[in-house]
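Notes follow the structure.
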Amino acid sequence: MATKKSKITKESIVSMYMNYTLEHNEKPKSVYLFTKMNDFTEAEFYSFFGNLENIETVIYDMFFEKTVELIQKDANYETCDMKSKLLSFYFTFFELLTANRSYVLMSLKQNKNQLKNLMQLASLRTSFKNYIAEITTDEILIEQDKLQELQEKAIQESAWVQFLFTLKFWMEDGSAAFEKTDIYIEKSVKLSFDLMNIAPINSLIDFGKFIFKEKTQKN
C-alpha cells in the first residue's frame with residue numbers, strides 16, 4: 001500500500017528550506033530543484049511563496065509571530081507595563097533564535113554585503129515596529145499631538161536599532177547558554193526606558209561598563 005503523501009504547508013516548506021540550507025551549506029539553486037528534491041510540485045510551492053528569497057523573509061516573520069503567540073499565553077501579559085512586555089518579547093524571541101542558531105548565523109552572514117543580509121529582516125522590521133506601537137503606553141508620551149506622533153516614530157525606530165544591536169551581540173556571544181545576551185537585553189532595555197524618562201545616568205554608566213568589559217575581554 002502506497003504511503004500517503006503529507007500535506008504541503010507554508011511551515012513544512014520553510015522547514016525543508018532551512019534543512020536544505022544547513023545540510024548543503026548553501027541555498028537551493030532553483031524552485032524546480034528544491035521541489036523535486038523534496039517531492040512536491042512547483043505549483044504547491046507558488047501557492048505559498050513567490051520565490052526562494054521570499055522564504056528567507058518569511059522565516060524571521062514566523063519567529064516574530066511565534067514569539068508574540070507564546071508571550072500572549074501568559075495570563076499576566078496584558079496587565080504588564082511596556083518594559084516588562086518588551087523584555088518578555090526579547091527573551092522569548094532570542095530563545096527561538098537560539099533553537100535555530102545554525103540557520104540564523106548562516107543566513108545573516110551569507111553575503112559580504114551586510115545590507116543584503118539585513119534585507120531578510122525587512123518584514124520583521126515592520127512587524128516589530130508595529131508591535132512597539134501597540135505596547136507603547138501613554139505615560140511615556142508627550143501630551144501635544146504633533147510631538148506625540150514624532151515621539152512614537154522615534155521610539156519605534158530606536159527600538160528597531162536597539163533590536164539590531166542585540167541581534168549582533170547575540171551572534172557574537174560565546175557565553176554558556178548565551179547568558180551574556182540575557183544581561184545585554186536587561187541592561188539595554190532598562191537604559192532605553194531610563195532615557196525616555198530622562199533619568200539615564202546610572203543605567204548609562206552600568207551599560208557602558210558592561211560593553212567596555214566585553215570589548216576588553218575579546219581584545
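The values are calculated or read from the model by the stated rules, or taken from the named source; none is laboratory data. Note that the structure is predicted; figures quoted are calculated from it, not measured. Ideal geometry is used to build each Cβ from the backbone, glycine not excepted, and the neighbour counts take in all protein chains shown. Note: accessible area is taken over every heavy atom of the protein model, side chains too, but ligands, DNA and RNA are not part of it. Shrake-Rupley method; radii C 1.70, N 1.55, O 1.52, S 1.80 Å.
For the range 25-43, what are the residues that are within 18 Å of GLU53 (Cβ to Cβ), open to solvent by less than 40 Å² (accessible area, probe 1.4 Å) and not hydroxyl-bearing (Ser, Thr, Tyr)?
Within the range 25-43, PRO28, VAL31, PHE34 meet the criteria.
Could you give every pair whose Cβ atoms fall below 7 Å, whose first residue belongs to the range 35-54 and is farther than 11 Å from THR9 by Cα and free of Cβ contacts under 8 Å to residues at least 40 places away in the same chain, and whose second residue is of a type in the set (Phe, Trp, Tyr) and open to solvent by less than 70 Å² (accessible area, probe 1.4 Å), counting only separations of at least 6 or pairs across chains?
As it stands, the answer is THR35/PHE45; LEU52/PHE34, since those pairs meet every condition given.
Evaluate the following for GLU65: is it within 22 Å of SER127 (Cα to Cα), in a helix (DSSP H, G or I) and open to solvent by less than 90 Å² (accessible area, probe 1.4 Å)?
Here the answer is no, as GLU65 does not meet what is asked.
Check the range 98-114 and report whether any residue there is farther than 23 Å from ALA177 by Cβ, in a helix (DSSP H, G or I) and over 12 Å from the mean Cα position of the chain (by Cα).
yes
Looking at (1) open to solvent by less than 30 Å² (accessible area, probe 1.4 Å); (2) free of Cβ contacts under 8 Å to residues at least 60 places away in the same chain, which is the only condition LEU86 fails?
Single failed check for LEU86: (2).
Pick out the one residue from ALA2, ALA43 that is farther than 28 Å from PHE169 by Cβ, among the aliphatic types (A, V, I, L, M) and modelled with pLDDT under 95.
It is ALA2.
Check off (1) farther than 23 Å from LYS187 by Cβ; (2) touching a residue at least 60 places away in the same chain (Cβ under 8 Å); (3) open to solvent by 50 Å² or more (accessible area, probe 1.4 Å) for THR79 and give me the number that stays unchecked.
(2)
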